[in-house]
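Here is the structure we will look at.
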Amino acid sequence: MRLIWIAIAAAAAILAGPASGQQWPARNVKLIVPYPAGGNVDSAARIIADKLQEKLGQPFVIENKAGAGGMIAGEAFAKSAPDGYTLFVGANGPVLFATEINKRDAYNWKKDFLPISTISMTPLVLEVHPSVQATTLKEFLDLAKREPGKLTMASPGPGTTNHLLSELMQSSLELQWVTAHYRGNAPAINDLLGGQVQFAFDQLTVSLQHIKAGLFRALAVTSPHRLKSLPDVPTFAELGYKDFDGQTFTGLFAPASTPASIVEKLHETLVAILKDPAVIDKFEKLGGEATPMTPDEFKAYLEREDAKWIPVVRKANIRAD
């Protein structure tokens, strides 16, 4: 009789193995966000968390884990169990740049992160305070060339896409201006509003309201096409500057070695969410664009971004404060 029960238990265990994967998620799923609540990445995470919960039947809980340019969150995520119950909503800085500018080998996205899909792309806008005597990109560049070191750019922090785009432009076009680093977008934009600094490369999420109110003058955007929200503002590419196409991505990652069945289920569900007109509208109101990719497409995109921006970090000798 004892042998019969052992055989039954073994058979049940075999059957339970595949079933448990198919039943994911069976409990709460944690989404680690490497920034405080209220920002661009956090907003994107909350949009998809609500929809993932709706479609998959379990709570997707946001855990904001800010610090060290996102590296604290990235390191915690890289050490997570690959069981589908801890995911990461990352962006350019935490995924690609944080370990480089902090000079700490805490994790490597190529080994530790499994890309599932991009969530959104948010372009940057080159905006100036109204006191700046430039109404076009050409006039701005001419001013910067004519008076090197006179203009000051408001940066939300070292190693951000905003900062890297500024460094790339200075290096490529042989320009020079002062960079004032702040701890986040809010204080940077406050000083731009007050005229203490003259310009910024900023996420449209933050600046659209100020541009529409006439408090900033938008000169160009980094998106591949003109934006619905700023149809009269040209892209850098159409003005002849194709290299200045830096955008802030948000993307969903699982730990390396997460089962393929979970990755496939997550990807399929996320793509359906990002094609929902209501979700598309939410991202447009944030100044971004819902942008799903396959895991292979996302990985290839990250490799291109890595190859483009890491040399900029190293050439400019960017270090964390």
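The values are calculated or read from the model by the stated rules, or taken from the named source; none is laboratory data. As the structure is a prediction and not an experimental result, all values here were calculated from the model. Positions of Cβ are backbone-derived with ideal geometry, glycine not excepted, and every protein chain shown enters the neighbour counts. In case anyone asks, the SASA skips ligands and DNA or RNA and just uses the protein heavy atoms, side chains included. Shrake-Rupley method; radii C 1.70, N 1.55, O 1.52, S 1.80 Å.
Observations
- Strands (runs of 3 or more DSSP E) fully within the range 193-265 that include at least 3 residues being under 25 Å from Tyr301 (Cβ atoms): 199-203, 247-255.
- Within the range 176-228, tally of residues that are open to solvent by 50 Å² or more (accessible area, probe 1.4 Å), aliphatic (A, V, I, L, M) and within 17 Å of His163 (Cβ to Cβ): 2
- Flag for Leu168 being touching a residue at least 60 places away in the same chain (Cβ under 8 Å) and surrounded by 24 or more Cβ atoms within 10 Å (Cβ to Cβ): no
- Pairs, first at pLDDT 95 or above in the range 222-243, second buried (at least 19 other Cβ atoms within 10 Å of the Cβ) and of a type in the set (Val, Ile, Thr), C-beta under 6 Å, six or more apart: Val233/Val221; Thr235/Val221; Phe236/Thr222
- Taking the criterion of being over 27 Å from Leu164 (Cα atoms), touching a helix residue (DSSP H, G or I) at 6+ places or on another chain (Cβ under 9 Å), touching a residue at least 12 places away in the same chain (Cβ under 8 Å) and not in a loop (DSSP other than H, G, I, E, B), the residues of the range 267-310 that qualify are His267, Thr269, Leu270, Ala272, Ile273, Leu274, Val279, Lys282.
- Qualifying positions in the range 134-150 - of a type outside the set (Asp, Glu) and without any contact (Cβ under 8 Å) to a residue 24 or more places away in the chain: Leu143, Arg146
- Scan of the range 73-124 for residues that are farther than 26 Å from Arg27 by Cα, in contact with a helix residue (DSSP H, G or I) (Cβ under 7 Å, 6 or more places away or on another chain) and in a helix (DSSP H, G or I), ordered by number: Asn92, Gly93, Pro94, Val95, Leu96, Phe97, Ala98, Thr99, Glu100, Ile101, Asn102, Trp109
- Condition check for Ala66 on (1) open to solvent by 40 Å² or more (accessible area, probe 1.4 Å); (2) touching an Asp or Glu at 6+ places or on another chain (Cβ under 8 Å); (3) under 18 Å from Thr161 (Cβ atoms): one failure, at (2).
- Looking at Thr248, Thr258, just one residue is of a type in the set (S, T, N, Q), in contact with a Ser or Thr (Cβ under 7 Å, 6 or more places away or on another chain) and either within 24 Å of Gly70 (Cα to Cα) or open to solvent by 10 Å² or more (accessible area, probe 1.4 Å) (or both), and that residue is Thr248.
- Selection of the range 145-161 for residues being surrounded by fewer than 24 Cβ atoms within 10 Å (Cβ to Cβ) and not in a strand (DSSP E or B) yields Lys145, Arg146, Glu147, Pro148, Gly149, Lys150, Leu151, Gly157, Pro158.
- Residue check for Ser131: surrounded by fewer than 22 Cβ atoms within 10 Å (Cβ to Cβ) and either among the polar types (S, T, N, Q) or under 25 Å from Lys242 (Cβ atoms) (or both): yes
Matching residues to (1) touching a Ser or Thr at 6+ places or on another chain (Cβ under 8 Å); (2) among the charged types (D, E, K, R); (3) open to solvent by 50 Å² or more (accessible area, probe 1.4 Å):
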site	(1), (2), (3)
Leu252	yes, no, no
Glu264	no, yes, yes
His267	yes, no, no
Ile280	no, no, yes
Glu289	yes, yes, yes
Asp296	no, yes, yes
Lys299	no, yes, yes
Ala307	no, no, yes
Asn317	no, no, yes
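- Number of residues in the range 126-164 that are among the aliphatic types (A, V, I, L, M) and modelled with pLDDT under 95: the value is 1.
- Against the conditions (1) under 23 Å from Lys265 (Cα atoms); (2) over 11 Å from the mean Cα position of the chain (by Cα); (3) open to solvent by 10 Å² or more (accessible area, probe 1.4 Å), Ala106 satisfies every one except (1).
- Options Ala37, Ala44, Ala76; residue that is over 23 Å from Ile280 (Cα atoms) and touching a residue at least 24 places away in the same chain (Cβ under 8 Å): Ala76
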